[in-house]
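In what follows, a structure is listed as structure tokens, so that the remarks can point back to it.
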Amino acid sequence: MSAGLVERIWARDPTVWTGTDEGQWLGWLDEPWRMREDLDLVLELADSVVDRVDAVVLLGMGGSSLAPEVIKRTFRQETFHVLDTTHPQAIRELEAQLDLSRTLFISASKSGSTLETRSHTDYFWEKSGGNGDLFIAITDPGSELEQLARDREWAGIFPGEPTIGGRYSALSPFGMLPAALMGVDVDALLLRAIEMAEGCQFAEGNPGLELGLSLGENWREGRDKVCIAPTTEGFGLWAEQLLAESTGKQGKGLIPAPGEPPDGPDRQAQEVRLSGEYELGQEFFRWEFATAVAGSILGINPFDQPDVQSAKDKTRAVLASGAEPDVSPQGSAEELFAQAMPGDYVCIQAFVNPTSANEEKVLELAGRAREATGCVVTHGFGPRYLHSTGQLHKGGPPTGLFLQVVDDTGDELPIPGQPFGFRKLIRAQAAGDFASLQERGRRIARIQLEEM
């Protein structure tokens, strides 16, 4: 089976999965080679800004932001910032750190229409005085964002590969251009990825295949919680969105639980192999290949995200209504935790300012949940998680207990050209996702951070 499976994946055979359009979404298999061929353009851009820029801000969500975030942590880059929250306080705090005349903004969106990214882009475009020399776009050819970048005469436009979905884009311009701007040796990173990609072409000793079979076979035996060993580099953040969005559908799914203890009948342990910084290139590819293999065992299409749109639609409906989003408390943490059964998991969804102090509060709440339920506990900041684990929450197994946490977002922060600001946007996103989960019969409650 293994030999045939590997050959069929590299042959882009959609019957490995559901026999629909999977063959059109396998561009990530060749991307390390393709990216290396185009590396000169990326390095030229990085060289051209080094003397006129003190900081870089990536405006992106999900697959467009999580690989750069892990690269930033791995290589300990303090002047590279990833903005993937719509919380007005977080945006104000980031802006206060920046000299906007010496900050480069990367607007990264495959579709080119991601609401959060476009809102961030319009905000900082106005704040920077409309200086196209301080903006670059990473987006798929023909997108709205590409046209916007041309109209505004931005410093660069880097095309994504249309045959790669966002969560498989770490080794494409979405991950490698930010890496170059951090001063990372991108060629070395890609060479490590190519070594892994070559190793993933064999039936024997194939690291991606071995991980994928382990993920899938454990799932078959009821161990669907993937306890990813913790790393200081935050690799679990990226692996979490890859697994959750790829496999969480049709009532099935691998439930990523970075840092959770692996002891329990519904859990499996998986390690992250990072003996050095540049091993990150290998790990990106190994987990991508493994997720494709696991998807074949689950019998799902690992390249679509059929349930993500519902929360976006509800968010837009709330915004279009003109009414103030309702994020008042509903239920309590204790009542929610009391509903836990063996095999469930708890997910804390924090629509709060993602400061280290608030992260500590969320982790304390996770500890309470763990103690009260005995279940695996995951957590994510909103709206980031909507683009990473949101697909699993709605399309995966109905075993989640969802606790939404909201805070006092402070004063409104206007978004140029929109009838709403960031305060209303993040509250609408919380309300929209709550309604979407309720509609699917998920067990959910909402509490205030200040009342925890």
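The values are calculated or read from the model by the stated rules, or taken from the named source; none is laboratory data. Not measured: the values here are computed from a predicted model. Ideal geometry is used to build each Cβ from the backbone, glycine not excepted, and the neighbour counts take in all protein chains shown. Heads up: the accessible areas ignore ligands, DNA and RNA and are worked out on the full protein's heavy atoms, side chains in. Shrake-Rupley method; radii C 1.70, N 1.55, O 1.52, S 1.80 Å.
Charge dipole of the stretch 21-71 (Cα centre as origin; +1 on each Lys and Arg Cβ, -1 on each Asp and Glu Cβ, all else neutral): 140 debye, rounded to the nearest 20. Reducing the stretch 41-84 and the stretch 150-213 to their Cα centroids gives an inter-centroid distance of 15 Å.
Between the listed residues 374, 337, 81, the Cα displaced farthest toward the positive end of the dipole of the chain, a dipole computed from Cβ unit charges relative to the Cα centre, is found at 337.
In whole angstrom, how far apart do the alpha carbon centroids of the stretch 376-452 and the stretch 238-254 sit? Value for the Cα centre distance between the two parts: 18 Å.
When restricted to Cα atoms, the stretch 47-150 yields an Rg and a Dmax of 12.9, 34 Å, respectively.
Model label points for residue 326 and residue 202, set 7 angstrom from Cα along the Cα-to-Cβ axis, are 6.1 nm apart.
With the charge dipole of the chain set up from +1 on Lys and Arg Cβ and -1 on Asp and Glu Cβ about the Cα centre, the Cα lying farthest toward the positive end among the listed residues 357, 14, 315 is that of 315. Looking at the stretch 164-277, the accessible area is 33 square angstrom per residue; that uses a 1.4 Å probe and ignores ligands, DNA and RNA.
If you take the alpha carbon atoms of the stretch 82-236 and fit the smallest convex hull around them, that volume is 165 Å³ per residue. Note on the stretch 90-177: dipole from Cβ charges, positive end direction compared against 170, 91, 119; the farthest Cα belongs to 170. The tail of the calculated P(r) for the stretch 211-364, taken as Cα-Cα distances beyond 24 Å, holds 46 percent of the pairs.
What the Cα convex hull of the chain gives, in volume per residue, is 129 Å³. What longest region of the chain stays clear of GluC sites (Glu not before Pro) that DSSP places outside H, G, I, E and B and that have at most 16 other Cβ atoms within 10 Å? In the chain, the maximal stretch lacking such sites is 272-411.
Here the dipole of the stretch 43-89 is about 200 debye; that uses its Cα centre as origin and unit charges on the Cβ of Lys and Arg (positive) and Asp and Glu (negative).
Each Cα pair under 8 Å and six or more residues apart adds its separation to the average, and for the chain the resulting relative contact order is 18 percent. Stokes-Einstein diffusion of the stretch 11-64 at 4 °C, 1.567 mPa s viscosity, Kirkwood radius from Cα pairs, rounded to a whole number: 89 µm²/s.
Lysine pair count for the chain with Cα-Cα distance under 20 Å and sequence separation of 8 or more or different chains is 13. A helix-only calculation puts the chain at -13500 deg cm²/dmol for mean residue ellipticity at 222 nm, using -39500 (n - 2.57) for each DSSP H run of at least four residues, averaged over all residues. Given a 1.4 angstrom probe, I'd like the percentage of the accessible area of the chain that is carbon and sulfur, rounded to a whole number. Roughly 47 percent, rounded to a whole number.
Take the convex hull of the alpha carbons in the stretch 411-452; its mean projected area over all directions comes to 4.0 nm². Placing +1 on the Cβ of every Lys and Arg and -1 on the Cβ of every Asp and Glu, with no other charges, gives the stretch 279-348 a dipole of roughly 220 debye about its Cα centre. Computed over the stretch 332-452, the P(r) tail beyond 20 angstrom holds 41 percent of alpha carbon pairs. If I histogram all Cα-Cα distances within the stretch 187-262 using bins 10 Å wide from 0, what percent of pairs lands in each bin? The percentages, shortest bin first, are 17, 40, 36, 6, 0.
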